[in-house]
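Below is one structure; the comments refer to it alone.
The values are calculated or read from the model by the stated rules, or taken from the named source; none is laboratory data. For clarity, every value in this text was computed on a predicted model and none was experimentally measured. Note: ideal-geometry Cβ built from the backbone for every residue, glycine included; neighbour counts use all protein chains shown.
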Amino acid sequence: MSTHDEKENERLRESEEKYRKMIEHANDAIFAIDIKTAEILEVNPRAQELTGYTADELVGMKVWDLHPPEEREAAEGLFKRVSSTGRGGRTDLSFITKDRALIAVDVSASVISYGKKKIIQRICRDVTQKRAMERECAEQRDYFEYILNMMPVGLGVRKNIDSKPQVEFENTKLREMFGGDRPRQRCCWYEKPPEGSLPAKITVDDTGVYAEERYYPDGKVYQFTISYYRNQDGSWSELQVVHDVTERRKLEDRLEKAKEDLEKKVEERTLELRHKQAQLVQSEKMAALGHLVAGVAHEINTPLGALKSNNDLLIRALSRMRGVVENPATPDAIRKHPDMSKILSSIEDLNAINKSAMRRIVTIVKSLKKFARLDEAERDRVDIHEGLENTLTLVHHEMKNRINVHRDYAELPLITCYPNQINQVFMNILVNASQSIEGKGDIFVKTFRTNDCVAVEIRDSGKGIPKENLEKIFDPGFTTKGAGVGTGLGLSIVYKIVDDHNGKIEVESEVGKGTSFRVILPIQ
Amino acid sequence: MTQEEDKLTVVIVDDEEMVLTSLESFLDLETDYVVKSFKNPMEALKYIEGNSVDLVVSDYLMPEMDGISFLGEVRKLKPDVPRIILTGYADKENAIKAINEVGLFQYIEKPWDNDDLLIILRNGVERSRLMRKLQEKIKEIDDAYGELQGMHKQILKTFI
C-alpha cells in the first residue's frame, strides 16, 4: 500500500466519518440503498423513529416495502430512474409505519459514492403537517372561491395592470356575463386605469374607485365599480365588481315612461278642467247675469213705463192745449201772447226729445233681455241676425263715434242653438274687436251660408294678433290685455260654446291689419 | 148711452204710486172711466166685492200678493169682469203660463204704449159692457117670459 493510498484511505475514512456523523444527526430519514438490489443497507436514527422499525428490521427490506401498495409502482419507478440514469429524483410518497400509520413524506433520491462503491441515498422528509396545512389552505381557498362564485355579481381581480395585465381571478358570474358567445368588445377589463380615477398621490393602501355604466348592443346594461389598489411590491391591481342592471334599467325606463305619461295626462286633464272651469264660471256668470237682467228689467220697466206714459200724456195734453189756445173763441190776450206759441213749441220739442230718448232706453232694456234670452234659455230655432243686432246694441257704447260697423247679411235660415250662448260668442268677439281698434276703425259683420252651416264673419281693422299668440288665444287664462282688463276667459268660452254646438271657429290675423273670426254653426 | 159710459169703472192695482198716477192721469185725459186705483190688492178686493166694476188691471209683482193670485180672487168674486195684467217681469214664459191658469183677458208689458193700452182697455170695457147688456137682455127676456107665463095662466083661467 503506497503512502498515497494510505493518505487516500485516511481521507476517505475521515469523510466517511463526517458523513456518518452528519446523517446521525440529520432531521430527515436517510436510507442507504443497494443500487442493484434496492435493498436497504443502512438507516439513520431518524429513519427508525419515523417508520417505527429498528435498524435491524429495516436493513434488508426492499425500498418500496415501506410504502403502501398503491405507491409501490411510483417508488419502484423512482428507484429505477435514479439507478439507471445516476441522476437524482424527487417524489411525494407516504410511509406505512410499523404501527400501520400513514406518514406523508417528500422523497428525494440520488446516487452517491460510499467508500469504494456507489449506493443510492434516499432522503425522506416528514411532510404530514405541511400537507395537512396545504390541504386546509386549499379547502379554505375552495370555500372562498365557492362563496365568490355563488355571488350574484361579477367579481374579478387583475394584477400588474400598469405593466403586464394578468387576470388573477374571475368568479362564475363574471365569466357568465362576458364569456360564451358574448362579443369581444364586451371584455370587462380596462386596458388602462381610466383617466382621473387615480388620485395624484398614491400610497400603498390608497385606492381609487371608478364607476361607470355600459350599454351593450344586445340590450344588456352593466354597472362597473372598479377599485384600483397598489400591492406591497408596488404593482397595481384592480378589483372589478359588475352588476347586471338591465332589469333595473328597464324598470326605471318604464317608470320614467309611466311618469311622463302621467305628466302628460295630468297636463291634458288640467287643460280640460280649466276649460270646464271656464265653462262653469261662464254659466254661473250667465245665470248671475240672467238674475241681474231680470231684476234690472223689472226695476227699470216700471218707472220707465210711468215715464213713457207720462211723456205721451204730456204730448196729448199739450196738443189739446194748443187746440184750446188757438181756438178763435180764446181771448186774444192769451191766444196772441208772444210767449204762448214759443212756450208751446219748446215744450213740444222737449217732449219729442224725451220720447226718442225713452225709445232708446226701451230698446236697450229689450236688447239686454233678449241677449240674456231669459225667456228662451232652452235650445231654440233662432234668427242669427237678431242675435247679432241685439249684441251690437249692447256693445254700441264701446264703438260709438269711433268704429263704423258694416253689415253684410245674407238670407239665412233659422238655426237651432242655445241663443244666449251664441249671443255671448258674438259679444266676446265684438268686444275684443272693438278693444283691438285704437282710435277710429271699422268692423265688418258678414253672414253667409255654406252647405248645412251658417257662417258669421267678424273682421276688425285693429292691431292684429302676433303669430306666436295665435295658437294660444283659445287657452283659458291667456290674455294680453293686462291685469284687471281681461280675464283671459273670453275666447276660451267662445271656443267651448262653438264646440258644444258642433261648430267651428277659424281665426286669421295680421299684425297691423286686423283680425277676422269666422264662427261656423250647423243649421240643425 | 152716455149715461151708461159714465158709470164704467176701472180698477187699477199697482204697488208703485207712479204707475197708478200715470195711468190715472192718462185715463182721466182720454176716457170718461171712473178710475179706482189701489196700492194694496186686499183693499182692491174689498172694493170690487161691494161695487160694480167693469175692468181690473193689476201689476204682476207686488209685495202683499202677486197679480196672478189677485186676479184669481177677482175671478171668484166677479167672473164676468175682464182682467188684465201689467207685467215688467222678464220671465215672459212663466207669466203667460200663469195668465192661462187664471184665464185673463190680456196682458200688457211694461213699459207700455198708451195707444195699445187704450185699445186693450176699451176692448175690455166693451166686452164688459156687452156682457152686462147681454145679461140685461136675458133678464128682460126672462121677465117678458115670466109675464107671458102669467098672462097665459090668466087667459087659461079666464077661459076655463
query = With respect to the numbered conditions (1) among the hydrophobic types (A, V, I, L, M, F, W, C); (2) free of Cβ contacts under 8 Å to residues at least 12 places away in the same chain; (3) within 14 Å of chain A (Cβ to nearest Cβ), which one is the sole condition not fulfilled by B:L118?
reply = (2)
query = Does at least one position in segment A:489-502 carry a residue that is without any contact (Cβ under 8 Å) to a residue 60 or more places away in the chain, closer than 30 Å to A:E267 by Cβ and either assigned by TED's automatic domain parsing to the domain that holds A:T363 or loosely packed, with under 13 Cβ neighbours inside 10 Å (or both)?
reply = yes
request  = Please specify each residue of segment A:39-59 satisfying the condition of being touching a residue at least 60 places away in the same chain (Cβ under 8 Å) and either outside any helix (DSSP H, G or I) or closer than 19 Å to A:G88 by Cβ (or both).
outcome  = A:L41, A:A47
ask   = When residues of segment A:225-252 are filtered for being surrounded by fewer than 16 Cβ atoms within 10 Å (Cβ to Cβ) and among the acidic types (D, E), how many remain?
value = 3
message = Among the numbered criteria (1) in contact with a Lys or Arg (Cβ under 8 Å, 6 or more places away or on another chain); (2) modelled with pLDDT of 90 or more, which one does A:V59 miss?
response = (1)
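Might you let me know whether segment A:390-411 holds any residue that is of a type in the set (G, A, S), more than 14 Å from every other protein chain (Cβ to nearest Cβ) and touching a strand residue (DSSP E or B) at 6+ places or on another chain (Cβ under 9 Å)? Spell out the reasoning first.
Step one: list which residues in segment A:390-411 are of a type in the set (G, A, S), which gives A:410.
Next cut, more than 14 Å from every other protein chain (Cβ to nearest Cβ) only: A:410.
With touching a strand residue (DSSP E or B) at 6+ places or on another chain (Cβ under 9 Å) added as a condition, the list becomes A:410.
So far as segment A:390-411 goes, yes, one or more of its residues are of a type in the set (G, A, S), more than 14 Å from every other protein chain (Cβ to nearest Cβ) and touching a strand residue (DSSP E or B) at 6+ places or on another chain (Cβ under 9 Å).
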Leading residue by the ranking (farthest from the other protein chains (Cβ to nearest Cβ)) among those in segment A:305-339 that are more than 23 Å from B:L117 (Cβ to Cβ) and touching a Leu at 6+ places or on another chain (Cβ under 8 Å) = A:V325
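Is there a residue in segment A:328-336 that is touching a residue at least 12 places away in the same chain (Cβ under 8 Å) and either among the β-branched types (V, I, T) or in a helix (DSSP H, G or I) (or both)?
Taking segment A:328-336 and keeping what is touching a residue at least 12 places away in the same chain (Cβ under 8 Å), we get none.
Looking for residues that are touching a residue at least 12 places away in the same chain (Cβ under 8 Å) and either among the β-branched types (V, I, T) or in a helix (DSSP H, G or I) (or both), one finds none in segment A:328-336, hence no.
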ask   = Out of the residues in segment B:23-33 that are among the hydrophobic types (A, V, I, L, M, F, W, C) and buried (at least 16 other Cβ atoms within 10 Å of the Cβ), which is farthest from the other protein chains (Cβ to nearest Cβ)?
value = B:L27
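Only one of A:A288, A:A297 is within 22 Å of A:N423 (Cα to Cα) and either within 11 Å of another protein chain (Cβ to nearest Cβ) or at pLDDT 85 or above (or both). Can you tell me which? Give the derivation first.
Values: A:A288 fails: either within 11 Å of another protein chain (Cβ to nearest Cβ) or at pLDDT 85 or above (or both).
Just one listed residue meets the conditions, A:A297.
Would you point out which residue out of B:L55, B:L45 is surrounded by 16 or more Cβ atoms within 10 Å (Cβ to Cβ), over 21 Å from B:E109 (Cα atoms) and touching a Leu at 6+ places or on another chain (Cβ under 8 Å)? Steps first, please.
On the way: B:L55 fails: over 21 Å from B:E109 (Cα atoms).
Being surrounded by 16 or more Cβ atoms within 10 Å (Cβ to Cβ), over 21 Å from B:E109 (Cα atoms) and touching a Leu at 6+ places or on another chain (Cβ under 8 Å) holds for just one of B:L55, B:L45, which is B:L45.
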ask   = Looking at A:K342, is it free of Cβ contacts under 8 Å to residues at least 60 places away in the same chain and either within 14 Å of chain B (Cβ to nearest Cβ) or surrounded by 15 or more Cβ atoms within 10 Å (Cβ to Cβ) (or both)?
value = no
message = Considering only segment A:502-510, I want to know if a residue exists there that is within 40 Å of the chain's Cα centre (by Cα) and at pLDDT below 85.
response = no
ask   = Quick one: B:S37 ticks every box in (1) in contact with a strand residue (DSSP E or B) (Cβ under 6 Å, 6 or more places away or on another chain); (2) within 14 Å of another protein chain (Cβ to nearest Cβ); (3) modelled with pLDDT of 90 or more; (4) in a helix (DSSP H, G or I) bar one, so which box is it?
value = (4)
note = Within segment A:386-415, the residues that are within 13 Å of A:L430 (Cβ to Cβ) and in a helix (DSSP H, G or I) are A:G387, A:L388, A:E389, A:N390, A:T391, A:L392, A:T393, A:L394, A:H396, A:H397, A:E398, A:M399
ask   = Out of all the residues in segment B:116-134, is one or more of a type outside the set (D, E) and in contact with a Phe, Trp or Tyr (Cβ under 6 Å, 6 or more places away or on another chain)?
value = yes
task = Filter segment A:76-93 for residues that are in a helix (DSSP H, G or I) and surrounded by fewer than 16 Cβ atoms within 10 Å (Cβ to Cβ) and give the result.
result = A:E76, A:G77, A:K80, A:R81, A:S84, A:T85
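Would you confirm, using the coordinates I've provided, whether A:R131 is free of Cβ contacts under 8 Å to residues at least 60 places away in the same chain and within 28 Å of A:H25 (Cα to Cα)?
It is true that A:R131 is free of Cβ contacts under 8 Å to residues at least 60 places away in the same chain and within 28 Å of A:H25 (Cα to Cα).
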Filter result (within 14 Å of chain A (Cβ to nearest Cβ) and charged (D, E, K, R)) within segment B:55-90 = B:D59, B:D66
